[in-house]
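Asker: Please read through the structure below; I'll follow up with questions.
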Amino acid sequence: MFKKTGYQIVRKALSKELTSFCYSALKVRKEALERMIKDGCKEAEDRNYGTIGDGQIKDSFSIYSDSTMETLSLVLKPIIEKTTKKKLVPTYTYARVYKKGDILWPHKDRHSCEYSITLALGGDKWPIYMDGIELNLNPGDLAVYKGCEIEHWRNEFKGKECVQCFLHYNEINKKALPYDMRSYIATPLSTRKGSE
């Protein structure tokens, strides 16, 4: 299916226990950042703890390169390679805790996202659309898609909360950008060399 459409769902890619752990880890990250902001900690300005609001979603928690999610990208790499039939290198991860009213506008991903994964970790269900086709994921399910080629989006979220992790990979070749041009996986954005 992936070769024909450019996307595919993999059901139960994560066990119930691992899904629950990852969901809880991101919730702890979000709550810790909110507490740091409330307490006036200057460290809350360090994006390595995450951020509230980014260029795509206003006022929702997100985090680049969380070490748990980056480890998950290594653990899931064999499943992604089997689905895409490609040899891949991880580039980066990004995770969000969406809230009611959020909208993910139609877009295509940047070059570090040749093969993108959206992984449902918990909360209320929220379909993702791939070239107009609605995909519904349960916690532990993931959708693999050609991030730079397939336009994808989510309509306005009607639920209370939805926790998603995005894992990105490039095909191993001369154009690959291992670790999103960072020195190693699970390192912060500030370690990137050059720019795209």
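Asker: How many Å³ per residue does the convex hull of the Cα positions in the range 6-65 occupy?
Answerer: 112
Asker: Here's something else I'd like to know. What are the principal axis extents of the Cα atoms in the range 97-196, in Å, biggest first?
Answerer: Computed over the range 97-196, the largest-to-smallest principal extents equal 40, 26, 23 Å.
Asker: Another question, if that's okay. How big is the range 79-140 on each of its three principal axes, counting only the C-alpha atoms and giving the largest first in Å?
Answerer: Rounded to whole Å, the extents work out to 37, 24, 23 Å.
Asker: Then there is this: For LYS86, which lysines qualify as cross-link partners when the Cα separation must be under 17 Å and same-chain residues fewer than eight apart are set aside?
Answerer: LYS3, LYS4, LYS77, LYS146, LYS174, LYS175
Asker: Separate question: Starting at 0 and stepping by 5 Å, how many percent of the alpha carbon pairs of the chain end up in each bin?
Answerer: 1, 8, 16, 21, 22, 17, 10, 4, 1, 0, 0
Asker: Given the options ALA32, ALA95, ALA120, which has the most mean-square fluctuation in a GNM of the chain, springs set between C-alpha atoms less than 10 angstrom apart?
Answerer: Of the options given, ALA32 has the highest mean-square fluctuation.
Asker: Next up: So what are the radius of gyration and Dmax for the Cα set of the range 41-115, in Å?
Answerer: Calculated on Cα positions, Rg and Dmax stand at 14.6, 46 Å.
Asker: A further question on this structure: Is it possible to state the helix-based mean residue ellipticity at 222 nm for the chain, with each DSSP H run of 4+ residues giving -39500 (n - 2.57), the sum divided by total residues, to the nearest 500 deg cm²/dmol? What is it?
Answerer: Per the formula, -7500 deg cm²/dmol.
Asker: Figure the gain on full extension for LYS158 and ASN173 (residue separation times 0.36 nm, minus the Cα-Cα span) and round it to one decimal in nm.
Answerer: 1.3 nm
Quick note: the coordinates plus some simple rules give every number you see, no bench work behind them. None of the values given here were measured: they were computed from a predicted structure.
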